[in-house]
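**Q** Take this structure first; my questions come after.
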Amino acid sequence: MAALESPQPAATATAMRHAFGNVLSVLILVLIGVLAFSIRLFSVIKYESVIHEFDPYFNYRVTQFLSKNGIYEFWNWFDDRTWYPLGRVIGGTVYPGLTLTAGTIWWFLNSLNIPLSVETVCVFTAPVFSAFASWATYLLTQEVKGSGAGLAAAVLLAMVPSYISRSVAGSYDNEAVAIFALIFTFYLYIKTLNTGSLFYATLNALAYFYMVCSWGGYTFIINLIPMHVLLCIVTGRYSPRLYIAYAPLVVLGTLLAALVPVVGFNAVLTSEHFASFLVFIIIHVVALVYYIKGILTPKMFKVAVTLVVSIGMVVCFIVVAILVALVASSPTGGWSGRSLSLLDPTYASKYIPIIASVSEHQPPTWPSYFMDINVLAFLVPAGIIACFSPLSDSSSFVVLYIVMSVYFSGVMVRLMLVLAPAACIMSGIALSQAFDVFTGSIKYQLGRSSNSTDDAEDTNNAPKDDASAGKTDKGEEIVKERSSKKGKKKEREPADKPSVKSKAKKKALVLPLETSIVALLLLIMLGAFYVIHCVWAAAEAYSAPSIVLTSQSRDGLHVFDDFRESYAWLSHNTDVDDKVASWWDYGYQTTAMANRTVIVDNNTWNNTHIATVGTAMSSPEKAAWEIFNSLDVKYVLVVFGGLIGYPSDDINKFLWMVRIGGGVFPHIKEADYLRDGQYRINSEATPTMLNCLMYKLSYYRFVETDGKGYDRVRRTEIGKKHFKLTHFEEVFTSHHWMVRIYKLKPARNRIRGRAKKLKSKTTSAGWSSKSEKKNPWV
Amino acid sequence: MVVQTNLSSRIFFFLIALLFSLADSDSDSDLINELVSLRSSSPDSGVIRLYDDDVSKFLTSVPTPRPYSLIIFFDSVNLHSHSKLQKFRREFGLVSSTFISNNNNDGSNNGTKLFFCEIESTHSEASFHRFNVESLPHISLVSPTTENLTECDQMDGGDFAGLAESMAEFVERLTKLTVGPIQRPPFLSKTQIGIIVALIIISAPVLIKKILKGETLLHDRRIWLTGAVLVYFFSVSGTMFNIIREMPLYVKDDEDQSKFVFFIEGSEMQLGVEGYTVGFLYTVVGLLLAFVTNVLVRVKNLNEQRMSMLLSLVISFWAVRQVVYLDNWKTEYEIYPYWPSSWRH
């Protein structure tokens, strides 16, 4: 791969080779794009072209709204179908990048008279952007280590499982476009750093703007780049190029970021952004020092340096003091909970159950790495070392990128997604270097055995040197051209590289023939294993839309389409303004598919509201009825997997409802639902557990299915089998019992109820005396 | 150990003293005085170490209502490897010292109404049976009116979840005494902070000069390289998982206590040793590859090259196979290739 370019500007033959290499590169890149797109189509082939999971349904709904009503309506959209009775300002609380992108694609295609539905565009946005992301990876890696490494990295990224998991067709979520934006922003930063061009610096700010529009993960960029700048300054690598790469990004980037409504003044007020401002000040101080150094004699400079440094330090101290005061004045220190849990990994599990409850916020174990980046985990250290020989501004950036992202991925499994591109870049560099060395050795040894040794020494030496030297020359040329334009001092980086090159020239860097062949074969095997793993992961592990489930058993394929069945039931059989309560996981789907108003949804912005629903689910029927009634709820939806063994049902999530509910309403205590610290629903379960609404709604009439009430998820018989509902009535249970919908019984006439109450007192056994006293409807 | 023998000899002394003082009808104040002196002689934060005899002396043989409450922490040296127990013990000590400092100086005799004690399982097994302690951590409050020790108030799971603050709340709820805000020793004392700030200020010019000259450790690439690889190693080992979930390095086999279990099945969990082993396997392959491509190519002797390369290849191959094997075992995934259907028979 690395032999695509040739360094010797000798004759037309070389030019031809060069041109051929470029054509080949383009061809390979097109194929990589096709690969990236097509490997993500398993979900469409195996299931159907649907939007997946939870959040994508919200994005889909927003995109629908956008394409129907236009951008201004979208910007001012107040959604009254969710968070009833509060509602939600959608325009000001979403990252609009994804929806605007898909909306634009839809609009563009339609104006070309290609009549695709909004849903189709949404389904295929992620695969298309994966292809873009692979190309961006090529560009980034090429800037760092040449096009050989670039192509290797791009092909690795095209099928890295971690990224596939978030970008299969139908997974219409922010990450789908954000990863492309992330890599492209980094590429433009590196490009600016290598060229010192203001043009790229401006583009960089725009790419950053797109990233801010797309995903909250933009804070990773605005912290990583300042860290790199600081690193360069501290290790004595300051250059005007660094200044051009950084200063415009901070100024323009922050201004642009503040334009996004969901970010707004957070771009200057929250601690996540302070690092960039601090470094902004430092780089100016350093720039001033270098400038003064340039215009003064060494002697004068020594005098001046003391002065400047002390003034600079005073300024820094003042700014730091102001920042500290600002940070200290806000309750969480100005950091959002998610960011804090990155810095202090134990923070979330202690204080914020709503963050800790999400499975993608858990720390990963070692198999997660093997699952998500597979053999790249083996190659990354080699890539890191390759980046250190020689260390340039750009290679130090990718090293910093991998180090930070691998640390963060260790805290939160979700951030494996940010690690994946870094791992691909590193592995691409490592693979490309290894291939260079091994193929170079083989070529040299074969050449030596056929030719006379002395002649071969010089010519066949070339392959190895070609690769590294070719890159260096190219990089060098650009750098020199730019820096001469600016007319500033000599750069360190180009000065480093020739020395390496000349060292390489001295001796043929070769390895024995047989072992090189073996090593090459092993590397190819490793690559093949990666491909097999990725295809398997794409097809089996990450393609399930989770809205339609399938299971393969002896008597063939079973399809569980209960979710859509129930949402369709809701939309056909309930009034348009009815309110449906469920745990927040199903909020987005209910609004998008059933078009009914929900109490809470996956945008968990109001903890109290969620805690109210959690409390209702954890309370006995009567208390729950009162809570729901006060929220105008007509229907309660629960997801139950006990019949078919669907593990992510509400009973398994129930402890989180208790915890979150108990966090706001202290009368809900987790201990009441646990027997000896164990969560049980069988005969050993606590009375509180057996009488709470969630248990009753899940297991109502369950015993009628098999006569025993055997729960296939918990693998036990349920504790309380025969009971009647007093305040709720079952209105719908889906085919496989996965979704059960209950209606709240209407409040009855008070006087009649009082007469009835006395009769029922003896019959209802599991009721606490307190609730019986006031209960008029039994 | 010295402290302990000291303590037991002191207790012996008090027992003798007690024999004489039993004749005294007004023994309540003696008992309190004794507890107070035990408390003041206690080596850490005023927690009194009780033994089987003390339990009968201060609790069972005293007629109710007793003039004091005892709050007892049940400890076990054998379980100190279980880090939570030690943490609870530290927090318990904090509550104790806070209580003493808040109640001893205010003139009222609230300080003598509650004593913090601990009972250690190896020395006082009988007491564990008396209190019917089955699992640790276990904290019991013996109020003045408690007659049957198995029925005393126990701190339940909800109170354990928190730290010293929730223990204090439990104490305040049951005894109606005030513990007051917990006084934690600051992470760094004021003088330490002062010294650090002074050091930074003094060394700042020197450091800046060095940075400008480019002579610091920061300019050494090997340090950055080692750091980067180490961060990588610790991250892929799942160290964060071990820290957040407080996983032990290894566990003992349930059936055979002499056997250690280093690997557990199921991808939701991992043990410390397990993570580091696999993290090492992950890292070593890349390091060997880098060694071959960067260092070995410069070696002149062909045979040396051949041998080291073969060795590296064998190790790498083994490491990859081992990880694949372990992963399949742990996750129970079965990864299979998708061949074209015409290739299948």
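**Q** Using only the Cα atoms of the stretch A:18-150, what semi-axes does the equivalent ellipsoid have when each is the square root of 5 times a gyration tensor eigenvalue? Give whole Å, largest first.
**A** Those come to 35, 17, 15 Å.
**Q** Right, here's the next one. Using +1 at the Cβ of each Lys and Arg and -1 at the Cβ of each Asp and Glu in the stretch A:8-89, identify which of A:Val44, A:His18, A:Leu31 lies farthest towards the dipole's positive end.
**A** In the stretch A:8-89, that residue is A:His18.
**Q** Counting other Cβ atoms within 10 Å of each Cβ, which chymotrypsin sites (Phe, Trp or Tyr not before Pro) in the stretch A:253-294 have at most 15 and sit in a DSSP loop?
**A** Answer by residue number: A:Phe265.
**Q** Give the average, rounded to an integer, of partner chain Cβ atoms located within 10 angstrom of each Cβ in A:370-379.
**A** The shielding value for this peptide is 6.
**Q** Multiplying the sequence separation of A:Thr14 and A:Asn573 by 0.36 nm and subtracting their Cα-Cα distance, what value in nm do you get?
**A** 193.9 nm
**Q** Please compute the modelled spin-label separation between A:Leu655 and B:Ser29, points set 7 Å along Cα→Cβ, answer in nm with one decimal.
**A** About 5.4 nm separates the two model spin labels.
**Q** What is the calculated FRET efficiency for A:Glu514 to B:Leu249, with r their C-beta to C-beta distance and R₀ = 41 Å, to the nearest 0.05?
**A** Calculated transfer efficiency: 0.45.
**Q** What percent does the relative contact order of the stretch A:547-699 come to when contacts are Cα pairs within less than 8 Å and at least six residues apart?
**A** Normalised by residue count, the contact order of the stretch A:547-699 is 19 percent.
**Q** Tell me the volume per residue, in Å³, of the convex hull enclosing the alpha carbons of the stretch A:166-285.
**A** Per residue, the Cα convex hull of the stretch A:166-285 comes to 100 Å³.
**Q** Over every pair of different alpha-carbon atoms in the stretch B:195-306, take the mean of 1/r and invert it; report that Kirkwood radius in Å.
**A** 18.4
**Q** Mind giving me the nanometre distance, one decimal, between the label points for A:Leu521 and B:Phe280, set 7 Å out from Cα along Cα→Cβ?
**A** Simple spin-label model gives 3.0 nm for this pair.
**Q** Is the stretch A:567-609 best put as rounded, prolate or oblate by its Cα gyration tensor, with a ≥ b ≥ c the root eigenvalues, rounded for a/c under 1.5, and otherwise prolate when a/b is larger than b/c, oblate when not?
**A** Here the stretch A:567-609 falls in the prolate category.
**Q** Rounded, prolate or oblate for the stretch A:662-736? Axes are the square roots of the Cα gyration tensor eigenvalues, ordered a ≥ b ≥ c, and the cut-off for rounded is a/c under 1.5.
**A** Cα axes put the stretch A:662-736 in the oblate bin.
**Q** Can I ask one more? Give the residue list of GluC sites (Glu not before Pro) in the stretch A:4-96 that are DSSP loop and have at most 12 other beta-carbon atoms within 10 angstrom.
**A** A:Glu48
**Q** Using a 10 Å cut-off on Cβ to Cβ distances, tally the other chain neighbours for every residue of B:226-237 and report the average as a whole number.
**A** 6
**Q** To the nearest 20 Debye, how big is the dipole of the stretch A:599-653 about its Cα centre, given +1 on the beta carbon of each Lys and Arg and -1 on that of each Asp and Glu?
**A** 40
**Q** Work out from phi, with θ = phi - 60° and the Karplus expression 6.51 cos²θ - 1.76 cosθ + 1.60, the ³J(HN,Hα) of each residue of the stretch A:372-377, listed in order in whole Hz, and give x for Gly and Pro.
**A** Going residue by residue, I get 8, 10, 6, 5, 4, 4 Hz, with x marking Gly and Pro.
**Q** Something else about it: Let me spell out the model: positive unit charges on the Cβ of Lys and Arg, negative unit charges on the Cβ of Asp and Glu, origin at the Cα centre of the stretch B:251-345. What dipole size does that give, in debye rounded to 20?
**A** In debye, rounded to 20, the stretch B:251-345 gives about 840.
**Q** Additional query: Which one, B:Leu296, B:Thr331, B:Leu310, is farthest towards the positive end of the dipole of the stretch B:286-334 when Lys and Arg carry +1 and Asp and Glu -1 on their Cβ?
**A** Comparing the listed Cα positions along the dipole, B:Leu296 ranks first.
**Q** Quick one: order A:His533, A:His284 by neighbouring beta-carbon count within 10 Å, fewest to most.
**A** A:His284, A:His533
**Q** What distance in nm separates the simple spin-label points at B:Gln86 and A:Ser450, each placed 7 Å from Cα in the Cβ direction?
**A** My value for the distance between the label points is 6.8 nm.
**Q** Then there's this: Where does each of A:Met416, A:Met300, B:Met167 land when they are ranked from fewest to most other beta-carbon atoms within 10 angstrom?
**A** A:Met300, B:Met167, A:Met416
**Q** Continuing with this model, one more query. Collect residues whose amide H, placed 1.01 Å from N in the peptide plane, falls under 5 Å from the amide H of B:Ile48; neighbours closer than 5 in sequence don't count.
**A** B:Phe116, B:Cys117, B:Glu118
**Q** Let me ask something additional. Could you list B:Met307, A:Met617, B:Met155 so that the one with the fewest beta carbons within 10 Å of its beta carbon is first and the one with the most is last?
**A** B:Met307, B:Met155, A:Met617
**Q** What is the mean number of Cβ atoms from other protein chains located within 10 Å of the Cβ atom of each residue in peptide B:239-248, rounded to a whole number?
**A** 5
**Q** Quick check on the stretch A:616-755: take the gyration tensor over C-alpha atoms, sort the square-rooted eigenvalues as a ≥ b ≥ c, and tell me if it's rounded (a/c under 1.5), prolate or oblate.
**A** Since a/c reaches 1.5 but b/c is at least a/b, the shape of the stretch A:616-755 is classed as oblate.
**Q** Round to a whole angstrom and tell me the spacing of the C-alpha centers of the stretch B:255-322 and the stretch A:509-566.
**A** 24
Only the coordinates and a few stated rules stand behind these numbers; no lab work does. Note that the structure is predicted; figures quoted are calculated from it, not measured. Please note: Cβ atoms are built from the backbone with ideal geometry, for glycine as well, and neighbour counts cover all protein chains shown.
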